[in-house]
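**Q** To start, I am sharing the structure in question, which I have written as structure tokens.
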Amino acid sequence: MGFLVLQGYGSAMALIMAIGAQNAFVLGKGVQRHYHWPVAAICILCDLALISAGMLGAGFVFEQWPWLLDAFRVGGVIFLSVYGFKAFQGFLSPIGLEANTKRAGLRVTLLTALAVSLLNPHVYLDTVILLGSLGSQHFGQAKVLFWIGAMLASLSWFIFLTLAARKLSPWLEKPHVWRWVDFLVALMMWSIALWLVLEKI
């Protein structure tokens, strides 16, 4: 029984740990200490919902209507391009960590967390289709244990990422350091957007 939980945990962790837009956003908000726990909670809830959808067999939706992934791809490219541009503006005009934390209110921050969690088509490929297919190999209690392990992976990862980011905050409080964080975030967002475009060509 414990092995199935560990199997679900390991499978999900291998997919979640890959650095992407969602992880970069959580890391940035944790460093800024800017609504970092609400952001982590949104990402966890989105992951739990998508993992559960995959375990319940929702992957057939994307198999029947593959254009849905294309729609998410277009939305993701637009969102990541705009978000990257805003981060690059921060690099060009550094205003420091404390000022950065006042850029967006709670509502905008949470909506952005939803966007980075749900507009990347690879999130659906990983959690709904791939993880769902792994879970479908088990039945009954075995499937539930695998499911629990996968959800624990998401919960523990985003808590760890948020706590680790807070530890980095004192080092990043100086504007000349923070501007390079903005640059790396912009580079990552644009790279993911470009990857989504080239993958379809």
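The values are calculated or read from the model by the stated rules, or taken from the named source; none is laboratory data. Given the structure is predicted, the values throughout are model-derived calculations rather than measurements. Using ideal geometry, Cβ is built from the backbone for each residue, glycine included, and neighbour counts are taken over all protein chains shown. Each accessible area value is taken on the protein alone, full model and side chains, heavy atoms only, with ligands, DNA and RNA left out. Shrake-Rupley method; radii C 1.70, N 1.55, O 1.52, S 1.80 Å.
**Q** Taking 0.36 nm per residue of separation and subtracting the Cα-Cα distance, what length does fully extending Ser93 through Leu163 add?
**A** Working: separation 70, 0.36 × 70 = 25.20 nm, distance 2.78 nm.
Once the chain is fully extended between Ser93 and Leu163, it gains 22.4 nm.
**Q** Please list, in order along the stretch 133-139, the HN-Hα scalar couplings obtained from phi with the Karplus expression 6.51 cos²θ - 1.76 cosθ + 1.60 (θ = phi - 60°), rounded to whole Hz, x for Gly and Pro.
**A** Here the 3J(HN,Hα) series is 5, 5, x, 5, 6, 10, 9 Hz.
**Q** Per residue, how large is the accessible surface of the stretch 120-169? Use a 1.4 angstrom probe and give square angstrom.
**A** Details: 2280 Å² over 50 residues.
Spelled out: the 1.4 Å probe surface of the stretch 120-169, per residue, equals 46 Å².
**Q** Something else about it: Sort 83-93, 42-52, 134-144, 153-163 for me by packing, meaning the mean count of neighbouring Cβ atoms within 10 Å per residue, highest on top. List each step's numbers first, then the result.
**A** On the way: 83-93: 16.3, 42-52: 20.2, 134-144: 14.5, 153-163: 18.5.
The packing order, highest mean first, is 42-52, 153-163, 83-93, 134-144.
**Q** Let me ask another. Would you rank Val31, Val185 by solvent-accessible area, highest first, keeping every protein chain in place and using a 1.4 Å probe?
**A** Values: Val31 5, Val185 30 Å².
Accessible-area ranking of Val31, Val185, largest first: Val185, Val31.
**Q** Express the accessible area of the stretch 39-85 per residue in Å², computed with a 1.4 Å probe while the remaining protein chains stay in the model. It would help to have the intermediate numbers written out before the result.
**A** On the way: 2270 Å² over 47 residues.
Computed with neighbouring chains in place, this is 48 Å² per residue.
**Q** Counting only protein heavy atoms, what percent of the accessible surface of the chain is carbon or sulfur at a 1.4 Å probe? It would help to have the intermediate numbers written out before the result.
**A** Details: 7630 of 10370 Å².
Carbon-and-sulfur percentage of accessible area, whole number: 74.
**Q** Taking 0.36 nm per residue of sequence separation and subtracting the Cα-Cα distance, how much length would be gained by fully extending the chain between Leu110 and Val177, in nm to one decimal? Numbers along the way, then the final one.
**A** Numbers: separation 67, 0.36 × 67 = 24.12 nm, distance 2.55 nm.
Gain in length upon complete extension: 21.6 nm.
**Q** What is the chain by shape, rounded, prolate or oblate, if you read a ≥ b ≥ c off the alpha carbon gyration tensor as root eigenvalues and call it rounded for a/c under 1.5, prolate for a/b larger than b/c, and oblate otherwise?
**A** On the way: a/c = 2.58, a/b = 1.55, b/c = 1.67.
Since a/c reaches 1.5 but b/c is at least a/b, the shape of the chain is classed as oblate.
**Q** Grab the beta carbon distance between Asp70 and Leu155, set R0 = 41 Å, and tell me the FRET efficiency rounded to 0.05.
**A** On the way: r = 31 Å, r/R0 = 0.75.
It comes out at approximately 0.85.
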